[in-house]
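Notes to accompany the following structure.
Read-outs: derived from the displayed coordinates by stated rules, not from any lab. As the structure is a computational prediction, the values presented were derived from the model and not from experiment. Virtual Cβ from ideal backbone geometry, glycine too; neighbours counted across all protein chains shown.
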Amino acid sequence: MGLFDKIKGEFIDIIEWTDNTSDTIIWKFPRYQNEIKMGAKLTVRESQVAVFMNEGTIADVFQPGMYELNTQNIPIMSTLKGWKFGFNSPFKADVFFVNTKQFNNQKWGTKNPIMVRDAEFGPVRLRAFGSFAFKVIDAKLFLKEIAGTNGEFTVDEINEQMRNIAVSRGMDAIAESKIPVLDLASNFDEVSKLITDKIKPEFNEIGLNLTKFLIENISLPPEVEAALDKRSSMGIIGNLGAYTQFQAANAMEDAAKNPNGGIMGAGMGAGLGFGMMNQMGNAFQNNQINPQTGTNTPPPPPIVQFFVAVNGAQTGPFNLQQLQTMATQGQLTKQSLVWKAGMAGWLGAETQPELAGLFNNVPPPIG
């Protein structure tokens with residue numbers, strides 16, 4: 001290398017940054033002991049600013065545009081000393097290009113469930129995640145507070161800090177909003193605004209602006225969601241008795257279609273279906289959930305029914321009202337043999353406590 005080439009190599013006369021990445025916030029121009037020539041061309045593209053720093057002190061900040069560096073447009077730099085070559089006075093300075101575009105789709109989310117107190121469910125654990133966007137609004141402040149003299153600073157190097165701010169302050173905002181857990185999904189926009197207002201000042205403190213904050217999902221633990229699904233199913237089913245009858249009817253239809261049963265299978269299927277439908281329908285209809293109190297209504301006492309032996313033949317069953325009429329008409333006497341479910345055999349009507357009162361209103365025989 002000749003002396004002229006060596007001297008020429010000491011000077012930098014074009015300063016620019018063509019960003020070919022999507023995540024670089026700060027890029028330091030690679031000067032490496034070369035001096036910037038007075039009169040050098042500086043190109044600052046849109047969504048960039050150029051920060052000149054000398055010995056750790058920020059000197060000048062250049063907005064987008066093309067500049068010829070001289071003592072008129074860099075008054076602070078003009079005081080720096082450099083060795084002279086011809087009519088030029090080169091100087092040494094670190095040049096940092098700061099990307100001021102918006103960085104989108106930055107993810108945030110809770111690593112562990114966050115405990116909050118809900119008016120309806122009490123203490124519940126919530127998970128949440130979403131995305132946010134930010135941009136540099138004060139390059140000098142950001143360099144001073146965060147990047148320092150780092151030659152290349154990317155989004156990943158500050159993302160963790162921003163995510164922690166978003167989660168910590170964001171969940172605080174959700175708790176303070178007092179919005180019921182079941183209504184959060186319909187209020188994502190309102191909650192996002194609350195969180196943005198809460199954490200935006202902390203971004204501003206380091207020279208950043210939070211331009212967007214989105215909530216994509218807020219979820220409960222799986223076991224709680226399963227319980228809510230059951231609760232929703234009960235609400236959709238509505239009348240449990242009708243639903244049970246519908247299920248029993250389907251079972252009866254399936255039994256009747258059993259190819260191994262033929263006509264007998266169909267008859268048995270019908271009988272079993274009707275029996276099951278009556279029993280289960282009565283059970284559910286008599287044990288309904290009160291929609292106002294959310295508690296079970298106790299079922300009424302079971303209906304007592306007796307079979308009565310008449311001339312050696314079994315008749316009935318009859319309920320107590322029917323038996324009262326029979327007693328009044330003389331068709332049922334104290335000596336009449338009766339039987340009900342649970343009895344070992346036929347006994348006289350007078351032996352049954354339920355039937356004893358039926359004969360008090362029966363007039364005695366005439367004569």
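Details
- Computed lengthening from F188 to V310, 0.36 nm per intervening residue step minus Cα-Cα distance: 36.4 nm
- GluC sites (Glu not before Pro) restricted to the stretch 147-230 and DSSP loop, no more than 11 other C-beta within 10 Å: E205
- Net lengthening on full extension, N360/V124 (0.36 nm per residue, minus Cα-Cα): 78.7 nm
- Inter-probe distance in nm under a simple model that places probes 7 Å from Cα toward Cβ, at M115 and T351: 6.5 nm
- Residues S186, S336, S168, sorted so that the one with the fewest Cβ neighbours within 10 Å comes first: S186, S168, S336
- Phi to ³J(HN,Hα) by Karplus 6.51 cos²θ - 1.76 cosθ + 1.60 over the stretch 166-178, Hz, x for Gly, Pro: 4, 5, 4, 6, x, 5, 4, 5, 5, 5, 6, 5, 6
- Convex hull volume per residue, computed on the Cα atoms of the stretch 305-359, equals 70 Å³.
- The amide H of D118, built 1.01 Å from its N in the peptide plane, has V124 as neighbours under 5 Å, considering only residues 5 or more places off or on other chains.
- Each label point was placed 7 Å from the Cα along the Cα-to-Cβ direction; for T333 and D229 their separation is 6.7 nm.
- Once the chain from E145 to A344 is taken as fully extended at 0.36 nm per residue, the excess over their C-alpha distance is 62.3 nm.
- Order of K28, K37, K144 under a 10 Å beta carbon neighbour criterion, fewest first: K144, K28, K37
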